[in-house]
Amino acid sequence: MKHIIYFLGFTFLLISCQSPERTAKDNVIPIEFSKNEKVEPKSVLSTSFVKLQTNEDCLLGGVDQAEEYNGRYFLLDFYVSRTLYAFDNKGTFISSIGKRGNGPGEYNGPFSFCINKERGIIHIVDLDLQKVINYSLKDYQYLSEKQLPFACFAMEYLPNGDIAWYNGEADTENPIKNVILTDETMNIKKEMMEQEFSSGYKIGMVRKLYKQNNVVSAYSHLHPLLFRIENDTIIPAYQFSFGNHQLAPVDFLKKEGADNRNYIPALKASPYVYFYEVYENNKLLCVPYFVDNTMFFGFYDKQNSKVYNYKQDELQQSLSIGAFSSPVGMTSDNKFISLLRPGLLKELREEGMNLDDRLNSLIAQSDTEDNPILLLFW
């Protein structure tokens, strides 16, 4: 029986604990987040801020994916306005891209987007209507669309012109694989990353496929490997460890999720890692993870092989930013993009929290319900 279930706040979908595929190029770099350098966050990370314009044409309920390209920020709000927006590098609103609806060039569930820089196209994956819609990167006009032959959450182009898709199909009776490779006409060439555990519920970020420096990577938050996708091969690159805490074993997940029960409360109450996510730039891997009711942010310096691990409140205090959350995307110059809510920052400042002077200046210009302030860190 195949099904996809999602609704506001959390996305409930079939998830997996995978049996990773290995190749002869199995040179995996281990990263142990408990063995971290004792360095203040402000000595590791730099920050800057961008205040987004707020008007009735660009009211963001949230940002689920962000990317900066050629001086423009592309921000996708899937859960509230269900619209993709473009802002310039000063935060001024430029345009929405596409519109809600069921017709050609329209979308109902814009779950993710992919910027094809070589062809000047923005591809939007519509989870509800199961199609990919193509818009001009130059003027945001509708170009074409194509129905998907399978359910998926995200797509990225490989250097050879093939497309990697993160599988959104759910099957409670048969195994499925998370990564699907197709040619440009969507003919399936290969499927990889087979699942060992299925449930009707999903936590964490679903879009576990990304492209950085023309390299496509994929992972599952219930298995500790980050893979690189090269042509028709999937190669493990990094293996994560979280000290005394482990990812939940398959037996635990199958027991708690038997008969399609909601296993999430049991996992959250367990000693296992609740979930983790991966974001990457030229220098750093940023790995937010949640365990023992505490949010951590692990950083791995790829150039110097150093590990930094911080609790969420450590980052907030050291960087004087009030509220630190997981990134939602990247800039073209390798900065992570996160969000700060003006209303929350005003409350924290009133409670006596020390905030960065640059941030205080932007808060003074903001109303409580204004669009988020973009936090850039690197």
_Gyration tensor (alpha-carbon) shape descriptor, the range 232-319, a/c threshold 1.5_ = oblate
*How big is the Rg/Rh ratio for the range 34-85, C-alpha atoms only, Rh by Kirkwood, two decimals?*
1.16
*Consider the candidate values [x] 29.8, 107; [y] 20.3, 58; [z] 21.1, 62; state which one is Rg and Dmax of the Cα atoms in Å computed from the structure displayed.*
[y]
_Could you work out how much longer the chain between Gln239 and Ser136 gets when fully extended? Use 0.36 nm per residue separation minus the Cα distance between them, nm to one decimal._
33.3 nm
_Antiparallel %, DSSP beta bridges [both residues in the chain], to 5_ = 90
_Residues of the range 206-250 with the amide nitrogen closer than 16 Å to a label point 7 Å from the Cα of Lys35, along Cα-to-Cβ, please._
238-245
*HN-Hα J in Hz across the range 101-112 - Karplus 6.51, -1.76, 1.60, θ = phi - 60°, x for Gly and Pro*: x, 10, x, x, x, 10, 9, 10, x, x, 7, 7
*With a Förster radius of 25 Å, plug the Cβ-Cβ distance of Asp313 and Glu369 into 1/(1 + (r/R0)^6) and report the FRET value to the nearest 0.05.*
0.45
*asked:* So, R0 is 45 Å and r is the distance between the beta-carbons of Gln246 and Thr92; what FRET efficiency does that work out to, to 0.05?
replied: 0.45
*With just the Cα atoms of the range 204-351, tell me how far they stretch along each of the three principal axes, in Å, largest first.*
48, 38, 26
*Given +1 on the Cβ of Lys and Arg, -1 on the Cβ of Asp and Glu, and no further charges, what dipole in debye does the chain carry about its Cα centre, rounded to the nearest 20?*
400
*Do any of Lys35/Lys335; Lys35/Lys346; Lys138/Lys346; Lys208/Lys306 go past 31 Å between their Cα atoms, and which?*
Lys35/Lys346; Lys138/Lys346
*Longest DSSP-loop-exposure-free segment, GluC sites (Glu not before Pro), the chain, at most 15 other Cβ within 10 Å*: 197-350
*What lysines could a cross-link reach from Lys255, if we take a straight Cα to Cα line under 21 Å and drop same-chain neighbours fewer than 8 places away?*
Lys2, Lys202, Lys268
*Long-range HN-HN contacts of Asn309 with modeled amide H, under 5 Å*: Glu37, Phe299
*asked:* Using the Karplus curve 6.51 cos²θ - 1.76 cosθ + 1.60 with θ = phi - 60°, what ³J(HN,Hα) values do you get for each residue of the range 49-66, in whole Hz, with x for Gly and Pro?
replied: 9, 9, 7, 7, 4, 10, 8, 5, 8, 9, 7, 8, x, x, 10, 9, 8, 9
*Measure up Lys90/Lys117; Lys90/Lys302; Lys146/Lys283; Lys117/Lys146 against 26 Å on the Cα-Cα distance and list the ones that go over.*
Lys90/Lys302; Lys146/Lys283
*Say the dipole of the range 55-134 comes from +1 at the beta carbon of Lys and Arg and -1 at that of Asp and Glu; which of Gly98, Gly61, Asn134 then lies farthest toward its positive end?*
Asn134
*If amide H atoms are built 1.01 Å from N in the plane of the peptide, which residues on other chains or at least 5 residues away come under 5 Å of the amide H of Tyr69?*
Phe74
*Once fully extended, how much extra length lies between Asp259 and Lys306, figured as 0.36 nm per residue of separation less the alpha-carbon to alpha-carbon distance?*
12.6 nm
*Which ³J(HN,Hα) values, rounded to whole Hz and listed in residue order, are derived for the range 297-312 from phi using the Karplus coefficients 6.51, -1.76 and 1.60 in 6.51 cos²θ - 1.76 cosθ + 1.60 with θ = phi - 60°, glycine and proline given as x?*
10, x, 10, 10, 7, 5, 7, 10, 6, 10, 10, 10, 9, 9, 6, 4
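Rule-based calculations on the coordinates, nothing more; no lab input. Bear in mind the structure is a predicted one, so any value in this text is a computation, not a measurement. Note that we place each Cβ from the backbone using ideal geometry, even for glycine, and neighbour counts take in every protein chain shown.
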